[in-house]
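Report on the following structure.
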Amino acid sequence: MKRILTALAITSTLVVTAGCASEVNSSQTPSSSATTVADANPHSGYNMGDSKTPGAEENPHGGHGGHSENSKLEPANAVATLTVPAKVTNKAPIALAIDVKDKEGKPIANFDKFQEKLMHLIVVSDDLQSFNHIHPTYKGNGRFEVQADFPQPGDYTLFSDYKVAGKAEQVSTLKVQVPGTNSNTPKIDLATTKTFGNTKANLKLSQPTIKAGQEVHLIFNLSDAASNQPPKDLQNYLGERGHLVILKQSSPLTEADYIHAHAMKDTPPGEIHFITSFPQPGKYKMWGQFNRNGKIITADFWVDVQ
Ligand SMILES: [Cu+2]
């Protein structure tokens, strides 16, 4: 039997920071029955600039979005904890609270905006079937709050992406279990042309086979589903032509599975280009997000990396 809600301690597989998990359960509020714990390793396989990931290959990842200053900043080594209500369900939005503290357990009060927000939160089901990119509201004293949907029962991983003031950007994973049984079979659809609402998206890769550790160009070719022409209403989203989140299919999902790539500037109409590299062989799912006149289009594709 599945436990209804469990507190999970997550430590990164890449960089083990001793003592992290023992400090963090202090943030439970009376209303909560579960607190999940994130390890605080910045950059574990996560690509925000041209910075090199500790232990990673020589390739510049994702980057190219003017974030290379991140590599010069010290890691914050912050710890994020998640508080959820006693009853978590897939039937209604769930109020989440994320507390960011230092290693001593003191709340961190000051954060820097990046890509127009203080925190970016990616919510995925562990089978990578559901994806959501939301922006928690900062309440002060290290606390962020947001309502999130969990469309099916099952396990979810949250990637909270934030930047402690003056420090390097950091990703912390948080875990949520939604009770119940999910009878849907996960789909891995390797199609490279799909339609998302009124937008057709075609994914082109710079090479026929993607090899782990190799730099690859990912080109999202967008067209209006009705006219078959490049959409005339494409606008910037969070300050860039598009955003791309990539996750490696893994169990458990950790920071090391998370890649965030930035769109290149000055590409032809309807084409959004990303450069990244995939650290390990395996199956990856990617979600490109684009803005058509205020409506966000999320175009998802699977790729197989050798
Ligand atoms: Cu965001």
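The values are calculated or read from the model by the stated rules, or taken from the named source; none is laboratory data. Everything quoted here is computed from the prediction, not taken from an experiment. Quick reminder, even Gly has a Cβ in these numbers, built from the backbone with ideal geometry, and neighbours come from all protein chains shown. Ligands, DNA and RNA are excluded from the accessible area calculation, which covers all protein heavy atoms including side chains. Shrake-Rupley method; radii C 1.70, N 1.55, O 1.52, S 1.80 Å.
Quick one: which residue in G105, G142 is open to solvent by less than 10 Å² (accessible area, probe 1.4 Å) and more than 16 Å from the ligand (Cβ to nearest atom)? It would help to see each step written out before you state the result.
Working: G105 fails: open to solvent by less than 10 Å² (accessible area, probe 1.4 Å).
Exactly one of G105, G142 is open to solvent by less than 10 Å² (accessible area, probe 1.4 Å) and more than 16 Å from the ligand (Cβ to nearest atom), namely G142.
Going through the stretch 231-246 one residue at a time, which ones are more than 15 Å from the ligand (Cβ to nearest atom) and open to solvent by less than 40 Å² (accessible area, probe 1.4 Å)? Spell out the reasoning first.
If we filter the stretch 231-246 for residues that are more than 15 Å from the ligand (Cβ to nearest atom), which is where we start, we get 231-235.
Of everything in the stretch 231-246, just one residue is more than 15 Å from the ligand (Cβ to nearest atom) and open to solvent by less than 40 Å² (accessible area, probe 1.4 Å), namely P231.
Search the stretch 279-296 for residues being charged (D, E, K, R) and either surrounded by 14 or more Cβ atoms within 10 Å (Cβ to Cβ) or under 13 Å from the mean Cα position of the chain (by Cα) (or both), and hand back the single one that is nearest to A201 (Cα to Cα). So that I can check it myself, show each step before the final result.
Kept after step one, since they are charged (D, E, K, R), are these residues of the stretch 279-296: 283, 285, 292, 295.
Still in the running and either surrounded by 14 or more Cβ atoms within 10 Å (Cβ to Cβ) or under 13 Å from the mean Cα position of the chain (by Cα) (or both): 283, 285, 292.
Values: K283: 20, K285: 15, R292: 13 Å.
The residue in question is R292.
Within the bounds of the stretch 196-213, is there any residue that is open to solvent by 30 Å² or more (accessible area, probe 1.4 Å), under 27 Å from N90 (Cβ atoms) and assigned to a strand (DSSP E or B)?
Of the stretch 196-213, the ones open to solvent by 30 Å² or more (accessible area, probe 1.4 Å) are 196-198, 200, 202, 204-209, 211-212.
Filter again for under 27 Å from N90 (Cβ atoms), leaving 196-197.
So of that shortlist, the ones also assigned to a strand (DSSP E or B) come out as 196.
Scanning the stretch 196-213, I find at least one residue that is open to solvent by 30 Å² or more (accessible area, probe 1.4 Å), under 27 Å from N90 (Cβ atoms) and assigned to a strand (DSSP E or B), so the answer is yes.
Given the options L174, L128, name the one that is on the phi > 0 side of the Ramachandran plot and either touching a strand residue (DSSP E or B) at 6+ places or on another chain (Cβ under 9 Å) or more than 16 Å from the ligand (Cβ to nearest atom) (or both). Step through it out loud before you land on a result.
Numbers: L174 fails: on the phi > 0 side of the Ramachandran plot.
Going through L174, L128 in turn, the sole match is L128.
Residues that are without any contact (Cβ under 8 Å) to a residue 60 or more places away in the chain: which strands (runs of 3 or more DSSP E) entirely in the stretch 98-178 hold 1 or more of them?
Details: elements: 119-125, 131-134, 137-140, 143-148, 154-163, 169-178.
Here the list reads 119-125, 131-134, 137-140, 143-148, 154-163.
What number of residues within the stretch 145-167 satisfy the criterion of being within 13 Å of the ligand (Cβ to nearest atom), open to solvent by less than 20 Å² (accessible area, probe 1.4 Å) and within 12 Å of L118 (Cβ to Cβ)?
3
Looking at this structure, is N198 touching a residue at least 40 places away in the same chain (Cβ under 8 Å) and within 16 Å of the ligand (Cβ to nearest atom)?
Numbers: touching a residue at least 40 places away in the same chain (Cβ under 8 Å): yes; within 16 Å of the ligand (Cβ to nearest atom): no.
Against the criterion (touching a residue at least 40 places away in the same chain (Cβ under 8 Å) and within 16 Å of the ligand (Cβ to nearest atom)), N198 does not qualify.
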